[in-house]
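Enquirer: There's a structure below that I have some questions on.
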Amino acid sequence: MRFVVDHLAKPPLRDGDTTEWARGLEALAALPNVSCKLSGLVTEADWSGWRSEELVPYLRRALDWFGPSRTMFGSDWPVCLLAADYGAVLELALAALDGLGHAERDAVLGGNATRVYRL
């Protein structure tokens, strides 16, 4: 059975204490049948004041835990529109993918979703 964690399991960004979130998501990442969507962070942060520098580390942590073969981009559209347009959400994800090779980026940006969801 395959499982996908949506929105990085919604880290409590406004609260600031992400210890339990990190512990739980890292434990899920240890399971080979679990993937994670890099999505939903802009609405977990301050809608009008979030900055890429604050959110990219969470995306990169998920990438470290799940690896580029079990992470996939998600826009959380149209809900993301509460805090950012699609372009800003995509730019945020691309910033987190900086340093990955072409094949890894392609996998995160679409290939993994095609495989995991059997599209």
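No value in this document is a laboratory result; all are computed from the given coordinates. Predicted model, so just to flag it, every value in this text is computed and none were measured. Methodologically, a virtual Cβ is constructed for each residue, glycine included, from the backbone with ideal geometry; neighbour enumeration extends over all protein chains shown.
Enquirer: Out of the range 37-107, which trypsin sites (Lys or Arg not before Pro) are coil in DSSP terms and have no more than 14 other C-beta atoms within 10 Å?
Expert: Sparse-neighbourhood loop trypsin sites (Lys or Arg not before Pro): 51.
Enquirer: Around residue 73, which amide H atoms from residues at least 5 apart in sequence, or from another chain, sit under 5 Å from its own amide H, with H modelled in the peptide plane?
Expert: Those qualifying (amide H under 5 Å, at least 5 residues apart or on another chain) are 38, 109, 110.
Enquirer: Can you give the convex hull volume per residue for the Cα atoms of the chain, as a whole number of Å³?
Expert: Spelled out: Cα convex hull of the chain, divided by residues, is 97 Å³.
Enquirer: Pairs of alpha-carbon atoms within less than 8 angstrom and 6+ residues apart define the contacts here; what relative contact order does the range 1-98 have, in percent?
Expert: Working: 129 pairs, mean separation 31.0, N = 98.
Worked out over the range 1-98, it gives 32 percent.
Enquirer: Along the charge dipole of the chain, which of 114, 93, 36 sits closest to the positive end, that is, farthest toward it, with unit charges on the beta carbon of Lys, Arg, Asp and Glu (+1, +1, -1, -1)?
Expert: About the Cα centre, the residue reaching furthest to the positive side is 114.
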